[in-house]
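First up is the structure itself, then whatever we jot down about it.
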Amino acid sequence: MESLLQIKDLTVGYGNIEIVKDINFTLKRGEILGIVGESGCGKSTLLKAIMQLSGTGVVTKKGSILFEGTDMLSISKEELRRIRGNRLGVVFQNPGGSLNPLRKIKHQFIETMQSHRKINKKEAYKSILNILSRLDLEDGERILNSFPFELSGGMNQRVAIALAMIMEPELILADEPTSALDVTVQVQVVEELLKLRERFFTSIIMITHNMGVVAKIADKIGVMYAGEMVEYGEKNQILETPIHPYTKALLAAIPKIDGKMPQGLPGRPFVFGESHKGCRFLSRCNCFSKECQEKTNHVSFVEKEHWSTCIKLDGVKSYGYSSIRSS
Ligand SMILES: Nc1ncnc2c1ncn2[C@@H]1O[C@H](COP(=O)(O)OP(=O)(O)O)[C@@H](O)[C@H]1O
Ligand SMILES: [Mg+2]
């Protein structure tokens with residue numbers, strides 16, 4: 001598969017504070033990457049950096065974001081706008097981030113479509129109604145004639161997803177798109193995203209808290225902790241043979257079938273902006289040693305595309321951090 005998006009050494013933050021640090025991954029065409037990690041670890045900040053939307057407060061400190069080889073950090077605002085509207089679809093955690101509260105839904109669809117290509121309004125309505133019904137919004141006419149405040153939060157989120165899909169973008173960035181929806185609708189949304197990938201070979205980066213969603217949709221999983229990607233690999237590698245202690249803890253925190261939640265992570269969470277040495281997970285890790293307080297920027301590969309920042313991998317071949325950049 002050809003690569004669509006390449007993130008290299010990306011470090012971003014707000015003001016002087018670094019939040020997301022040294023992120024490296026490549027997303028191939030048609031590939032779905034699920035990003036997981038507890039609240040506050042920088043998942044939304046990473047996605048906001050990739051979209052390069054102004055007004056988010058995200059400041060890029062270092063690195064590059066290559067979209068089909070074009071560095072999103074060095075192109076004009078006009079070029080960025082064109083890429084974002086036509087080739088990159090965005091779904092925010094909260095539909096308010098995608099929908100204009102002052103415009104009827106139909107105008108929002110037509111404007112999105114018109115600003116990127118010539119359209120026949122009748123044909124456009126047909127395709128909008130079609131996509132709405134695929135997302136289980138059967139009363140399409142009424143929805144199109146509504147303002148966002150006249151619809152429920154769950155409906156607005158499905159409308160926002162339809163709006164991101166309508167241009168058949170090459171890449172969809174979705175920040176917890178299903179968390180506001182009830183379970184049946186979550187399944188439909190995931191299935192529609194999978195169909196979109198099948199039909200148009202769309203690549204997707206999806207942030208989610210829901211391991212069930214990740215297990216269903218993702219090809220690859222990136223695990224974030226305290227602003228760093230601490231493990232990355234094929235879905236099954238991560239779910240079946242996780243290597244970073246944080247990934248293991250996260251998987252153990254999935255509610256068990258008997259309904260009992262395992263204990264939360266002990267120790268003090270990492271604080272952004274405070275000076276720090278060594279592994280960011282150190283204070284919460286159950287298998288750290290002296291070395292962990294010293295080494296930073298370490299990466300170990302267990303397989304070609306499965307790596308972790310943990311140094312405590314018995315028998316696993318370790319590489320210097322720089323080798324990941326050339327992989
Ligand atoms: N606009 C902002 N200005 C300053 N700090 C922010 C802003 N948005 C988020 N943060 C901080 O960045 C960190 C990561 O947040 P976020 O990316 O939203 O995490 P996640 O999406 O994983 O929950 C948090 O400590 C949060 O308080
Ligand atoms: Mg978030």
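The values are calculated or read from the model by the stated rules, or taken from the named source; none is laboratory data. Values in this document were obtained by computation on a predicted structure and should not be read as measured data. Cβ atoms come from the backbone with ideal geometry, glycine included; neighbour counts cover every protein chain shown.
Annotations
- Of all residues in the stretch 69-93, those satisfying the criterion of being touching a helix residue (DSSP H, G or I) at 6+ places or on another chain (Cβ under 9 Å), in a loop (DSSP other than H, G, I, E, B) and in contact (Cβ under 8 Å) with a residue 60 or more places away in the chain are PHE92, GLN93.
- Conditions (1) crowded, with 19+ Cβ neighbours inside 10 Å; (2) under 19 Å from LEU193 (Cα atoms); number of the one not met by GLY85: (1)
Conditions (1) of a type in the set (Phe, Trp, Tyr); (2) outside any helix (DSSP H, G or I), marked per residue:
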residue	(1), (2)
PHE149	yes, no
VAL159	no, no
LEU173	no, yes
GLU191	no, no
ARG197	no, no
MET206	no, yes
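- Every condition in (1) surrounded by 12 or more Cβ atoms within 10 Å (Cβ to Cβ); (2) out of contact with any Leu (no Cβ under 7 Å at 6 or more places or on another chain); (3) more than 20 Å from ASP175 (Cβ to Cβ) holds for LYS106 except the one numbered (2).
- Options ILE105, ILE32: the member that is at pLDDT 95 or above, under 20 Å from ILE7 (Cα atoms) and touching a helix residue (DSSP H, G or I) at 6+ places or on another chain (Cβ under 6 Å): ILE32
- Checking each residue in the stretch 83-131 for being under 19 Å from THR56 (Cα atoms) and aromatic (Phe, Trp, Tyr) picks out only PHE92.
- Pairs meeting the criteria (first residue in the stretch 35-58 and without any contact (Cβ under 8 Å) to a residue 40 or more places away in the chain, second residue in a loop (DSSP other than H, G, I, E, B), beta carbons under 7 Å, at least 6 apart or on different chains) are LYS48/THR56; GLN52/MET72.
- In the set (1) on the phi < 0 side of the Ramachandran plot; (2) within 16 Å of ligand 1 (Cβ to nearest atom); (3) modelled with pLDDT under 95, VAL12 fails one condition alone, (3).
- Residues (part of a loop (DSSP other than H, G, I, E, B) and closer than 13 Å to LEU163 by Cα) located in the stretch 117-136: LEU135
- SER300 surrounded by 12 or more Cβ atoms within 10 Å (Cβ to Cβ), touching a Ser or Thr at 6+ places or on another chain (Cβ under 6 Å), modelled with pLDDT under 70 and farther than 20 Å from CYS41 by Cα: no
- Any chance PRO101 is within 16 Å of ligand 2 (Cβ to nearest atom) and either within 23 Å of PHE147 (Cβ to Cβ) or among the hydroxyl-bearing types (Ser, Thr, Tyr) (or both): no
- The stretch 175-187, residues that are part of a loop (DSSP other than H, G, I, E, B) and either within 12 Å of ligand 2 (Cβ to nearest atom) or outside the structural domain of PHE201 (by TED's automatic domain parsing) (or both): GLU176, PRO177, SER179
- Of everything listed in (1) surrounded by fewer than 19 Cβ atoms within 10 Å (Cβ to Cβ); (2) more than 16 Å from ligand 2 (Cβ to nearest atom), the single unmet condition for ILE32 is (1).
- Residue match in the stretch 240-252 (condition: assigned to a loop (DSSP other than H, G, I, E, B), assigned by TED's automatic domain parsing to the domain that holds ASP175 and either of a type in the set (Ser, Thr, Tyr) or under 14 Å from ILE35 (Cα atoms) (or both)): no
- Boolean, THR56 is within 12 Å of ligand 1 (Cβ to nearest atom) and either surrounded by 18 or more Cβ atoms within 10 Å (Cβ to Cβ) or not assigned by TED's automatic domain parsing to the domain that holds LEU132 (or both): no
- Residue in the stretch 1-21 that is aromatic (Phe, Trp, Tyr) and within 16 Å of the chain's Cα centre (by Cα) present: no
- Number of residues in the stretch 94-103 that are outside any helix (DSSP H, G or I) and surrounded by fewer than 18 Cβ atoms within 10 Å (Cβ to Cβ) equals 5.
- Taking (1) modelled with pLDDT under 85; (2) assigned to a helix (DSSP H, G or I); (3) crowded, with 17+ Cβ neighbours inside 10 Å in turn, LEU163 satisfies each apart from (1).
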